[in-house]
Amino acid sequence: MSTNEEVILRSSIPVELQERVYACRNTLQFFTIPIGMFFGGFMVDNVCEPFMVRYGHLSYLNMLFGFGKGSGAALMMFILGVSGSLICIIMGRKLKRYQYREDML
């Protein structure tokens, strides 16, 4: 969680509700970690590694991710990085209309 988010949450949520809001947020945040690890491992073992075994000999894939064991994990990290960046850009543009102002307090 970033400092900006912390300031916004603490200043906009009534004190008597903060513990409930933080408990819900933390539950959702930490509950998804093992789920992400499971699906990430599944994707690397069953999708990315076989893909790199089949198509890893292509020069551009070999140059970017290497060849052999671990190249599927590199491909997965690349996919996560690109998709995460795209999601941030898209959501940033959609949420641009929401602003936090100190006079709202």
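With K and R counted +1 and D and E -1, the other residues having a Cβ less than 13 Å from that of C88 yield a net charge of +3. Electrostatic tally near G68: other residues with Cβ closer than 14 Å to its Cβ, Lys and Arg +1, Asp and Glu -1, net +1. For the chain, the direction-averaged projected area of the alpha-carbon convex hull comes to 9.1 nm².
Evaluated with a Cβ-only charge set (Lys, Arg +1; Asp, Glu -1), the chain carries a dipole of roughly 360 debye about its Cα centre, given to the nearest 20. Summarising the label geometry, the points placed 7 Å from Cα in the beta-carbon direction at E19 and M63 lie 5.9 nm from one another. Of H57, M43, Y22, which is farthest towards the positive pole of the range 3-104's charge dipole, taken about the Cα centre with +1 and -1 on the beta-carbons of Lys, Arg and Asp, Glu respectively? Farthest towards the positive pole: H57.
Sorted on the mean count of surrounding Cβ atoms within 10 Å across their residues, most packed first, peptides 49-58, 29-38 read 49-58, 29-38.
Multiplying the residue separation of F42 and E5 by 0.36 nm and subtracting their alpha-carbon distance yields 10.1 nm.
Here, each number is a calculation from the coordinates, and none is a lab measurement. Fair warning: this is a prediction, and the values are worked out from it, not measured in the lab. Positions of Cβ are backbone-derived with ideal geometry, glycine not excepted, and every protein chain shown enters the neighbour counts.
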